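In what follows, a single structure is set out as structure tokens and then discussed.
The values are calculated or read from the model by the stated rules, or taken from the named source; none is laboratory data. Keep in mind that what you see is a predicted model, and the values were worked out from it rather than measured. No Cβ is skipped: glycine too gets one built from the backbone with ideal geometry, and neighbour counts run over all protein chains shown.
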Amino acid sequence: MMNKEELAPHVKEIARVLEGRAKEQDIERDLDNYLNVYRMSLEASRRHIVRKYGGDPNALTKGDRKTLANLGLNEGSVDVLGRVMSSTTREITVSGQPKTIQSGVLADEAGATIGFTVWDLTKADLKPDTNYLIRYAYTREWNGQPELHLGNRVVVEERPQEEVVVPEGISVPSSGGRSAPQTVKVSGLRDNMNNVTITGRILSMKSREVDTPSGKKTMFSGIMGDETGRVEFTAWEDFKLREGEVITVSNGYVKGWKGIPRLSFGERAEVNRPKMDFPSAEQLSGEVMRTIEDIERNGGAFDVTTQGTIVDIKKGTGLIFRCPECHRVVLKGVCQIHGKVQQVPDLRIRVIVDDGFAAMTAVMKKEVSEELTGITLKEALDEARESMDTEAIAQRFEERLLAKPLVLRGTVMSDDYGLSMTVTEARFATVDVKSEAEALLSKIEVI
Amino acid sequence: MMMREPAWRVFASEFNASTLEFKGEGEKAPSYVITPLGAMINRLFIVGILTDMQNLGTDQDPYWRATVSDGTDRFYVYAGKYAPEASAALAKIEPPSFVAVIGKSRTYSSDEGKFYVSVRAEKVLTVDEHIKDNWLLETVRATLRRIDAMEEAMQMETPTVEGLVNLGFPAPLADGVVRAAEHYQDPDVNRFRGTVLEALEQLLPDRGFDLPLPRDMPTGPEEIDDEEIDDGEKEEVILKLIEKLDVNKKGASLPDLIKEAAKLGILEDELEEINNSLLDKGLIYEPTINRMKRI
């Protein structure tokens with residue numbers, strides 16, 4: 001079901017083709033009727049309405065007409081209607097040849113903005129404070145945001161001033177969509193951050209060759225850390241990084257993977273080597289404690305330690321069997337992909353860990369499960385054989401784990417069901433109740 | 001996101017003092033009990049001593065009611081056929097023992113507008129003293145954090161969720177505190193400082209304590225003067241009540257009975273004792289769960 005906002009660009013497009021032969025509200029009503037009552041396809045509905053009012057359906061754009069806010073990171077062919085807020089031209093060098101391109105910012109009626117680049121000025125020359133219908137453009141991701149590209153297929157049509165009225169007071173980012181620089185620690189990194197400045201020690205690094213449209217390129221990835229945690233990074237240029245050194249990255253950006261923030265820096269970034277005291281690589285490789293709610297605020301975290309109580313044991317805990325081909329869990333020896341297989345036994349624990357303010361799922365593989373519970377896969381198999389019950393071991397895990405406070409280390413990601421940690425180390429928390437109680441008491445008595 | 005509701009750590013005295021419930025919109029929206037300090041409880045994790053247990057149902061279809069004391073007050077914990085695991089686990093526990101309960105908050109309001117809270121168990125298990133101590137510690141910390149949040153809120157002209165989040169409080173707590181500040185109107189925060197000290201006293205039995213005095217008497221269930229009717233008379237009164245409420249010959253429903261007894265100044269706890277006594281004496285029986293019938 002399309003709502004009013006989603007209908008809006010199509011209504012405008014039909015109105016454009018009809019050149020005043022029908023009112024927008026009539027078009028909107030018709031379109032809503034065709035789509036949502038008669039369930040016709042969008043394309044057919046548009047053509048029907050244009051024909052109904054005596055217009056030429058072939059004048060409709062074929063591309064996908066979108067509002068700026070709805071643009072994806074990688075659109076193949078889109079049509080947008082908007083007003084140019086700013087535009088500048090500059091020289092660049094492409095394959096040794098000088099070339100003039102144009103870049104700027106486009107805004108639409110909803111107040112959304114997007115950076116654009118015109119690659120062929122003979123196809124389009126966008127003037128500020130002018131409305132354009134841009135057809136057959138495409139988008140590419142830049143710093144986690146879509147950017148609109150007008151290539152050699154683009155068709156641009158100037159539109160009347162009243163067709164796009166940009167709300168007053170919208171902030172127009174400078175071309176390129178960058179925000180003001182911000183200096184952050186590792187624990188402050190969040191998905192989609194732009195223009196970050198961060199200092200850390202490179203704990204590990206490797207390089208790899210990738211194919212790009214402009215030829216082979218070497219990229220560098222690794223792990224960087226400060227006293228608040230560790231983060232994976234990717235450098236898209238060769239900054240001559242060395243393992244173990246302390247660097248300050250300026251104009252980096254953050255792209256999340258399943259909520260785990262990852263630092264990226266490329267040709268617009270700068271890398272400096274500050275002379276300063278900084279924790280050693282060894283100090284930076286230890287446990288970094290963070291609360292679940294804190295991790296939740298960042299959407300996830302790489303190699304972090306947290307504490308909580310097990311409040312539930314989920315299905316799939318205990319003795320499980322996997323497909324030898326794809327490692328999927330099999331039921332009764334049948335893999336959903338590979339059919340009947342010689343199943344491989346495995347141990348796994350899936351629990352909910354909760355600290356009273358937030359909760360997350362924690363998944364432990366065999367080695368971690370064995371170490372934590374003291375029950376080995378072999379024992380579990382023996383027991384299952386004896387009792388003829390593969391479920392019994394899950395019950396024993398529950399008895400050992402439920403209501404127990406745990407310290408867990410691992411990488412936390414997030415999806416529609418919340419946070420989930422892939423655990424690399426787990427142990428029962430040992431708490432010195434008396435001294436902690438004393439400490440809390442002194443805090444209250446001060447008040 | 002389908003986020004799992006966190007299991008709040010809250011002392012019984014704070015939980016039982018709650019008189020506010022919040023239901024989200026929509027059919028499947030969760031409901032929350034909001035305590036005077038702003039805990040916004042859908043799920044909770046409690047540890048204490050299981051002091052008393054009763055089957056309000058039948059042998060085939062048990063419906064358990066257990067009281068779990070954390071040293072500040074008692075939680076009422078229920079488990080029936082909708083939580084077979086918890087119900088089965090509870091059946092095996094012999095009071096008194098240390099138990100941990102993970103459950104959902106439930107509320108009940110009487111016709112007089114009295115508000116009762118309880119816990120519907122999801123998981124019940126026996127635990128050792130170490131788990132209990134750790135829980136006390138965690139709950140002290142959580143309670144202090146709520147006291148902190150509530151005091152901050154009370155200093156704001158109009159407390160807002162955003163304002164509290166900016167001070168570093170988690171959003172669900174900030175939400176609860178803003179609602180609580182409005183509903184409870186200047187909640188007696190010091191009373192819960194006293195609760196915290198009581199809990200710490202359990203952990204440090206050798207230390208002397210100066211308990212801050214609450215501003216006034218607890219805002220929870222009022223004390224009822226028991227002296228008016230003596231025990232024998234009370235049984236007689238309840239018997240008559242059961243007869244009177246047995247309109248369809250299937251027995252008097254327990255919620256009705258609780259309601260009517262409360263009007264006569266007999267609270268749920270006491271009613272339970274009376275019912276037990278009557279059951280023991282063979283004067284009444286339970287034809288179905290939650291129904292009492294005169295023999």
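Tabulated values for the structure
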item: Some residue of the range B:26-33 being away from every other protein chain (no Cβ under 14 Å) and on the phi > 0 side of the Ramachandran plot; result: yes
item: Test: residue in the range A:346-365 that is over 34 Å from the mean Cα position of the chain (by Cα) and either within 14 Å of another protein chain (Cβ to nearest Cβ) or crowded, with 20+ Cβ neighbours inside 10 Å (or both); result: no
item: Sole residue being in the same structural domain as A:Lys314 (by TED's automatic domain parsing), within 24 Å of B:Asp133 (Cβ to Cβ), touching a Leu at 6+ places or on another chain (Cβ under 9 Å) and not hydrophobic (A, V, I, L, M, F, W, C), chosen from A:Thr361, A:Thr373, A:Thr390; result: A:Thr373
item: Selected residue (criterion: surrounded by the most Cβ atoms within 10 Å (Cβ to Cβ)) from residues of the range A:14-65 that are farther than 22 Å from A:Tyr132 by Cα and over 38 Å from the mean Cα position of the chain (by Cα); result: A:Ile49
item: Residue within the range B:87-104 that is more than 10 Å from every other protein chain (Cβ to nearest Cβ) and of a type in the set (S, T, N, Q) present; result: yes
item: Residue that is within 14 Å of chain A (Cβ to nearest Cβ) and of a type in the set (S, T, N, Q), where the choices are B:Asn42, B:Asn55; result: B:Asn42
item: Pairs with Cβ under 9 Å, 6+ apart, first in the range B:1-23 and at the interface with chain A (Cβ under 7 Å from one of its Cβ atoms), second of a type in the set (Lys, Arg); result: B:Arg4/B:Arg43; B:Pro6/B:Arg43; B:Ala7/B:Arg43; B:Trp8/B:Arg43; B:Arg9/B:Arg141
item: B:Val99, sole failed condition from (1) modelled with pLDDT of 95 or more; (2) outside any strand (DSSP E or B); result: (2)
item: Residue that is modelled with the highest pLDDT [pool: residues in the range B:148-186 that are acidic (Asp, Glu) and outside any helix (DSSP H, G or I)]; result: B:Glu157
item: Matching residues in the range B:240-283 - criterion: being of a type in the set (A, V, I, L, M, F, W, C), more than 22 Å from B:Asp52 (Cβ to Cβ) and over 27 Å from the mean Cα position of the chain (by Cα); result: B:Val247
item: Flag for A:Ala437 being among the small types (Gly, Ala, Ser), free of Cβ contacts under 8 Å to residues at least 40 places away in the same chain and within 8 Å of chain B (Cβ to nearest Cβ); result: yes
item: Some residue of the range B:127-142 being more than 28 Å from B:Met53 (Cβ to Cβ) and within 14 Å of chain A (Cβ to nearest Cβ); result: yes
item: Residues of the range B:122-141 satisfying the condition of being of a type in the set (Lys, Arg), outside any strand (DSSP E or B) and surrounded by 18 or more Cβ atoms within 10 Å (Cβ to Cβ); result: B:Lys132
item: Hits in the range A:208-261 - residues which are surrounded by fewer than 16 Cβ atoms within 10 Å (Cβ to Cβ), assigned to a strand (DSSP E or B) and without any contact (Cβ under 8 Å) to a residue 24 or more places away in the chain; result: A:Arg208, A:Glu209, A:Val210, A:Asp211, A:Thr212, A:Gly215, A:Lys216, A:Lys217, A:Thr218
item: Scan of the range A:350-396 for residues that are among the β-branched types (Val, Ile, Thr) and without any contact (Cβ under 8 Å) to a residue 60 or more places away in the chain, ordered by number; result: A:Val351, A:Ile352, A:Val368, A:Thr373, A:Ile375, A:Thr376
item: Residue among B:Asp52, B:Asp59 that is at pLDDT below 95, touching a Pro at 6+ places or on another chain (Cβ under 7 Å) and either part of a loop (DSSP other than H, G, I, E, B) or over 21 Å from B:Ala149 (Cα atoms) (or both); result: B:Asp52
item: Test set (1) surrounded by 15 or more Cβ atoms within 10 Å (Cβ to Cβ); (2) facing chain B (nearest Cβ under 9 Å) - A:Lys443 fails condition number; result: (1)
item: Test: residue in the range A:308-320 that is among the basic types (Lys, Arg), farther than 28 Å from B:Ile131 by Cβ and not assigned by TED's automatic domain parsing to the domain that holds A:Met205; result: no
item: Boolean, B:Arg145 is at the interface with chain A (Cβ under 10 Å from one of its Cβ atoms) and either out of contact with any strand residue (DSSP E or B) (no Cβ under 9 Å at 6 or more places or on another chain) or not in a helix (DSSP H, G or I) (or both); result: yes
item: Matching residues, the range A:404-445, being under 15 Å from A:Arg350 (Cα atoms) and outside any strand (DSSP E or B); result: A:Lys404, A:Tyr417
item: Tally, over the range B:110-166, of residues that are of a type in the set (A, V, I, L, M), over 21 Å from the mean Cα position of the chain (by Cα) and more than 24 Å from B:Thr19 (Cα to Cα); result: 1
item: Residue that is surrounded by the most Cβ atoms within 10 Å (Cβ to Cβ), among those in the range B:107-121 that are assigned to a strand (DSSP E or B) and without any contact (Cβ under 8 Å) to a residue 60 or more places away in the chain; result: B:Ala121
item: Test result for B:Tyr76, of a type in the set (Phe, Trp, Tyr) and under 17 Å from B:Glu272 (Cβ atoms); result: yes
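Residue by residue, here is whether (1) among the aromatic types (Phe, Trp, Tyr); (2) more than 21 Å from A:Pro181 (Cβ to Cβ); (3) at pLDDT 90 or above holds:
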| site | (1), (2), (3) |
| --- | --- |
| A:Gly252 | no, no, yes |
| A:Gly256 | no, no, no |
| A:Phe265 | yes, no, yes |
| A:Arg268 | no, no, no |
| A:Arg273 | no, no, yes |
| A:Asp277 | no, yes, yes |
| A:Glu287 | no, yes, yes |
| A:Ile295 | no, yes, yes |
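Let's see how each residue does on (1) farther than 30 Å from A:Glu141 by Cα; (2) in contact with a Cys (Cβ under 9 Å, 6 or more places away or on another chain); (3) modelled with pLDDT of 85 or more; (4) in the same structural domain as A:Tyr136 (by TED's automatic domain parsing):
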| site | (1), (2), (3), (4) |
| --- | --- |
| A:Ala8 | no, no, no, no |
| A:Val11 | no, no, yes, no |
| A:Glu19 | yes, no, yes, no |
| A:Leu35 | yes, no, no, no |
| A:Arg51 | yes, no, yes, no |
| A:Gly54 | yes, no, yes, no |
| A:Asn74 | no, no, no, yes |
| A:Ser77 | no, no, no, yes |
